[in-house]
Protein chains: 2
Amino acid sequence: MARTPEHPDLQDVRLARVFAALGDPARLRILAVLADRGEHQRDDFAVEVGPSTLSHHMKVLREAGVVRCRFEGTRCFVSLRADTFDRFSTALDGVLRSIAEEAA
Amino acid sequence: MARTPEHPDLQDVRLARVFAALGDPARLRILAVLADRGEHQRDDFAVEVGPSTLSHHMKVLREAGVVRCRFEGTRCFVSLRADTFDRFSTALDGVLRSIAEEAA
């Protein structure tokens, strides 16, 4: 049976917590990968940290409502939460754009 | 003699640290006041925290490069750092706009 990690409801997502989740260089690099709006797996994130630290960063992003994690068997697919980025589009569109620019 | 608190050089301002500084509800409320790009004093910030907590929040914002503090005698004038918001305008224009919208 697929594990389904907890995600906050959209109504409980807070902008301050989203910013706190973005407030780390490694997590900004994770977002640079996710900025294509696709689903990504662990190996896609060229973050120079160990697996447990990467898991920690993913948990912070997930619990803040920034990313969604979908499990399929033993694999975990991570993507940006479209509902969060729609709701806070005024604040976050430019954030994504700047991250994509830096990564380009 | 006027006290001049330390401010990071623009080249040392990091986006991740700026986001970390924005990652607190009280600091977002401070930014809502500063979003008019004017100089403000302590009493302008309707933040329900004591003076030492307010000072802490200002220090976090100042050390991240988000605000500038100008002392005149015993008074402290706080404003957004135009250079930081120019440099990271892609990321931060929408942030300021969304904060201003919420405060309107």
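Each of A:GLU101 and B:ALA100 was given a label point 7 Å from its Cα along the Cα-to-Cβ line. The distance between the two points is 1.8 nm. Sparsely packed loop sites in segment A:1-58 (the trypsin sites (Lys or Arg not before Pro) outside DSSP H, G, I, E and B with at most 13 other Cβ atoms within 10 Å) comprise A:ARG3, A:ARG37. Once the other residues with Cβ under 12 Å from the Cβ of B:ASP24 are scored (Lys, Arg +1; Asp, Glu -1), what is the net sum? Charge balance in the 12 Å sphere: +4.
At a probe radius of 1.4 angstrom, the accessible area of the protein assembly as shown per residue rounds to 54 square angstrom.
Each Lys and Arg Cβ is given +1 and each Asp and Glu Cβ -1; about its Cα centre, segment B:12-103 then shows a dipole of about 300 debye. Quick one: grab the alpha carbon gyration tensor of segment B:45-104, order the square roots of its eigenvalues as a ≥ b ≥ c, and give me rounded if a/c is under 1.5, else prolate or oblate depending on whether a/b is larger than b/c. Here segment B:45-104 falls in the oblate category. Label-to-label distance, B:THR74 versus A:ASP9, with points set 7 angstrom from Cα along the beta-carbon direction: 5.0 nm. FRET efficiency for A:HIS56 and B:ALA26, Cβ-Cβ distance as r, R0 = 22 Å, nearest 0.05? Once rounded, the FRET efficiency stands at 0.30.
Could you compute the FRET efficiency for A:ALA16 and B:ARG42, with r as their C-beta to C-beta distance and R0 at 25 Å, rounded to 0.05? Calculated transfer efficiency: 0.70.
Taking the convex hull of the alpha carbon positions in the protein assembly as shown and averaging its projected area over all directions gives 12.9 nm². In the protein assembly as shown, the portion of solvent-accessible area held by carbon and sulfur atoms comes to 48 percent [1.4 Å probe, whole percent, DNA, RNA and ligands not counted]. The heavy atoms of B:HIS56 offer some 100 square angstrom of accessible surface to a 1.4 angstrom probe.
Between A:ASP83 and A:GLU63, what is the label-to-label distance in nm when each label sits 7 Å out along the Cα-to-Cβ direction? Computed distance between label sites A:ASP83 and A:GLU63 equals 2.0 nm. Close amide H pairs (under 5 Å, H built 1.01 Å from N) link B:CYS76 with B:ARG42, residues at least 5 positions away or on another chain. Based on the convex hull around the alpha carbon atoms, chain B presents an average projected area of 6.4 nm². Across peptide A:90-100, the average count of Cβ atoms from other chains found within 10 Å of a residue's Cβ is 6.
The values are calculated or read from the model by the stated rules, or taken from the named source; none is laboratory data. Since we're looking at a predicted model, the values are computed, not measured. Note that each Cβ is placed from the backbone with ideal geometry, even for glycine, and that neighbours are counted across all protein chains shown. These accessible areas exclude ligands, DNA and RNA; they are computed on the full protein's heavy atoms, side chains included. Shrake-Rupley method; radii C 1.70, N 1.55, O 1.52, S 1.80 Å.
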